[in-house]
Amino acid sequence: MPRRCHPDPEIEVAVAYAEAHGWRIKVGKARSHAWGMMMCPNNDASCRCGEFCITSIWSTPRNPVAHARQLRRVVDNCTSPLPDTD
């Protein structure tokens, strides 16, 4: 079953970017402040102590463009990217 889309288009693009890089998206409950969570596919001990392995996706951030940029930066700065499947 496909996940529901984020209401903000900039954040939805960032979430799709994370999914394309192997990150799992877990959509939260309707009553929480966070729309969902982004989880690193390489959640291991060497991955910056797990500090950035789980990131909240806010439902209504004050600045949606900055939040989308932050989500993309978390994906790009992952210390253990997925291995190539070539």
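The values are calculated or read from the model by the stated rules, or taken from the named source; none is laboratory data. Bear in mind the structure is a predicted one, so any value in this text is a computation, not a measurement. Heads up, the Cβs are rebuilt from the backbone with ideal geometry, glycines too, and the neighbour counts pull from every protein chain shown. When the accessible area is computed, the model is the full protein with side chains, heavy atoms only, and any ligands, DNA or RNA have been set aside. Shrake-Rupley method; radii C 1.70, N 1.55, O 1.52, S 1.80 Å.
Key figures for this structure:
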quantity	calculated
Selection from the range 51-66 of residues that are among the polar types (S, T, N, Q) and open to solvent by 20 Å² or more (accessible area, probe 1.4 Å)	Ser56, Ser59, Thr60, Asn63
Of residues in the range 67-86 being over 21 Å from Lys26 (Cα atoms) and either modelled with pLDDT under 70 or not in a loop (DSSP other than H, G, I, E, B) (or both), the one most open to solvent (accessible area, probe 1.4 Å)	Asp86
Flag if Glu12 is open to solvent by less than 60 Å² (accessible area, probe 1.4 Å), at pLDDT 90 or above and not in a loop (DSSP other than H, G, I, E, B)	yes
Residue list for the range 55-72, filter: small (Gly, Ala, Ser) and in contact with a strand residue (DSSP E or B) (Cβ under 6 Å, 6 or more places away or on another chain)	Ser56, Ser59
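Residues checked against (1) modelled with pLDDT under 90; (2) among the aromatic types (Phe, Trp, Tyr); (3) not in a loop (DSSP other than H, G, I, E, B):
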residue: Tyr17; (1), (2), (3): no, yes, yes
residue: Ala30; (1), (2), (3): yes, no, no
residue: Trp35; (1), (2), (3): no, yes, yes
residue: Asn43; (1), (2), (3): yes, no, no
residue: Ser56; (1), (2), (3): no, no, yes
residue: Arg62; (1), (2), (3): no, no, no
